[in-house]
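As C-alpha cells, the structure follows; a few thoughts come after it.
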Amino acid sequence: MELRTDRRRVVVTGCGVVSPVGNTTEDFWTALLAGRSGVTALTRFDTSGLPVRIGGDLTGFDPAGSGFLTPQEVRRTDLFTQYAVVAAGQAMRAAGLEPRADVDPYRFAAVIGSGYGAAHAIQQQYDVLKNQGARRVSPYHSVLTAIDHPAGLLSIKYGISGPSCAVSAACATGAVALGEAAELIRHGRADVVLAGGTDDSLTAADLAGTANARALSRRNDDPEGASRPFDRDRDGFVMAVGATVLTLEEAGHAERRGATILAEVAGYAATTDAHHATAPDPTGAGAVRAMRGALADAGLTPGDVGQVSAHGTGTVLNDRIEAAALREVLGPDQLRRTPVTAVKSMTGHMLGASGAAEAAAAVLSLRDRRIPPIRNCDHPEDDDLDLVVKGARDWDGDAVLSNSFGFGGHNAVLVLTRYRT
C-alpha cells in the first residue's frame, strides 16, 4: 500500500461524538464494540397516531453542563446547533488544541453540515407566530434557524477567522463536510478545520413524511431490533439524532505541535445519481464511481481496502445496491475477505451526522485495531459479504472505505488510513 505524498496531507487529531449510544467519543465507541443499540420508543413528543414511534434519541444530553455552551447560548440555539458545538468542543479537547494559541485564526476553518437544520426551532417559531402573533417571534429567528448557525457560533466562540460554512447533501452530508474540509487543507487554505455533521430531525412531521415514503422500519414493538442492515428481514431505516465533529489538520502542523495523530483522510470523492428524489440508481453507477474515485484520490487499489464501513441503512434497495456496488469495485474474491460493518444498526440513521459518525468509527477502528459488529443481521442476504456479525472482530488493516449515500442521489466516499510518515 503506497499512499499519495505529493500534496499536503490531512490527518485526524480529535473526535467528538454526541449520539444515541453515547454522548462522548469513548462512550460511543464502547457501545459500538459491545453491539449496543440506542434505538428506543420515542418519548420526547406524543407519537400516538404516527405509523412509526421509534427512533435513536439522546439520553442524558446536558448542553449547559457540557462546559462548551453558556446558559445564554443554550437558550438561543436549536438542539442541532447544541449537538454540533458540544461535539466540536470534544474534538478540540481530544486534539489538545488551544485555538488562539496553537493555530493562526486565519488558517482555522469550520465546515459543519446538516441535512435538516433547525427542525424544532422552525416548528416552534411557526407555532408562536400562529398562536401568539408576529410580535412574539424571536428576533434571533433568522440566525438560530440558519443551517450555518453551528459553524457561525463555533467561529465566534473559538476565533475561527478562516472559511466557515455549512454543507448539505442529505444522508451523505457528514462525509461531504469532511471531504470538503480536507480539500481546504490540501489546497493550502487552512491548517486546521473542525468538520462534521449534525441533525435533530425527530419531529412528528419528519417521522410521518418519511414513513409515508416507505423508508422507515415499522418495528414499533421491537425498537432495538429495528435497524437491520443487510439482513433479509430488514424493512427500513430508523431515524436518529446527534452530531460528530473531527479535528482535521495538515500533517506537518499536527507534528510540529506534538499532537497525537489518529488517522489520515487519504481519499475522498463524491458523485450524484441524477436518477430520483429518494430512490438510489438501481445500477449503482454513482456509488461505484465514488468508491473508485476515493481510492484513486488516495493512491490505493481495491486490494488495499482492509475494511468497509458501509452506508448500511437497512432499506431493501440501499443495502442491495451497495452490496452490488462493492462487488463491482472490489471484485468477488476481495469482497469475500474484506470485513464489512454498519454502524447504523446500533445508532440508527443520524442523517446529516451519520457519515461523520461512521468516519469517526473508522478512525477509532484504526486506532484500536477492532471492528464493531453489525447488530440484528441474523439472516444475511448476500453470502459474498464478509459481514462482522458475531461480536467485535480484531483487525490489523490499514485502510477503511467509508460509504455515505443519500436522498437526492448523493454519494460520498472517504478513505481513512493508518498514518505513516
Around residue 374, which amide H atoms from residues at least 5 apart in sequence, or from another chain, sit under 5 Å from its own amide H, with H modelled in the peptide plane? 342, 388, 389
At 0.36 nm per residue, and after removing the present C-alpha to C-alpha distance, how many nm does the segment from residue 316 to residue 72 gain when stretched out fully? 83.4 nm
Between residue 232 and residue 384, the two model label points (7 Å from Cα along the beta-carbon direction) sit apart by a distance in nm of 1.9 nm
Determine the calculated [θ] at 222 nm for the chain from helices alone, applying -39500 (n - 2.57) to every DSSP H run no shorter than 4 residues and normalising by the residue count; nearest 500 deg cm²/dmol. -10000 deg cm²/dmol
Taking 0.36 nm per residue of separation between residue 214 and residue 275 and subtracting their Cα-Cα distance, the length gained on full extension comes to 20.2 nm
Using the Kirkwood radius over Cα pairs, work out the Stokes-Einstein diffusion coefficient for segment 55-147 at 25 °C and 0.890 mPa s, in µm²/s as a whole number. 160 µm²/s
Can you give the translational diffusion coefficient of the chain in µm²/s, computed by Stokes-Einstein from the Kirkwood radius over Cα pairs at 4 °C and 1.567 mPa s? 62 µm²/s
With just the Cα atoms of segment 268-340, tell me how far they stretch along each of the three principal axes, in Å, largest first. 34, 23, 17
So if I take the centroid of the Cα atoms in segment 363-408 and the same for segment 113-142, what is the distance between those two points in Å? 40 Å
Applying the Karplus parametrisation 6.51 cos²θ - 1.76 cosθ + 1.60 with θ = phi - 60° to the phi angles of segment 87-97, what ³J(HN,Hα) value in whole Hz is obtained for each residue in order, glycine and proline being reported as x? 4, 5, x, 4, 5, 5, 4, 5, 7, x, 9
With a bin width of 10 angstrom, please list the P(r) values of segment 32-186 as percents of all Cα-Cα pairs, from the 0 bin to the one holding the largest distance. 9, 31, 37, 18, 5, 0
Report Rg(Cα)/(2.2 N^0.38 Å) for segment 265-421, keeping two decimals. 0.94
Please work out the Cα convex hull volume for segment 1-70 and give it in Å³ per residue. 203 Å³
Take the Cβ-Cβ distance between residue 59 and residue 8 as r, set R0 to 25 Å, and report the resulting FRET efficiency rounded to the nearest 0.05. 0.05
What residues from segment 78-112 fall in the zone where the backbone N is under 12 Å from a label point 7 Å along the Cα-to-C-beta line of residue 189? 109-111
Tabulate in residue order the Karplus-calculated ³J(HN,Hα) for segment 155-171, using 6.51 cos²θ - 1.76 cosθ + 1.60 with θ = phi - 60°, rounded to whole Hz; enter x for Gly and Pro. 5, 5, 5, 10, x, 6, 10, x, x, 9, 6, 10, 10, 9, 9, 6, 6
So how much slack lies between residue 129 and residue 296, counting 0.36 nm per residue of separation and subtracting their Cα-Cα distance, in nm? 55.0 nm
Which values of log₁₀ I(q)/I(0), to two decimal places, follow from the Debye formula for segment 348-413 at q = 0.22 Å⁻¹ with a uniform point scatterer at every Cα? -1.14
Under Karplus coefficients 6.51, -1.76 and 1.60, residue-wise ³J(HN,Hα) of segment 34-41 in Hz, glycine/proline x: 7, x, 8, 8, x, 8, 9, 5
Rounded to a whole number, what % of the accessible area of segment 306-421 do carbon and sulfur atoms account for, probe 1.4 Å? 46 percent
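The values are calculated or read from the model by the stated rules, or taken from the named source; none is laboratory data. Just so it is clear, the model here is predicted, and its values are computed rather than measured. No Cβ is skipped: glycine too gets one built from the backbone with ideal geometry, and neighbour counts run over all protein chains shown. In case anyone asks, the SASA skips ligands and DNA or RNA and just uses the protein heavy atoms, side chains included. Shrake-Rupley method; radii C 1.70, N 1.55, O 1.52, S 1.80 Å.
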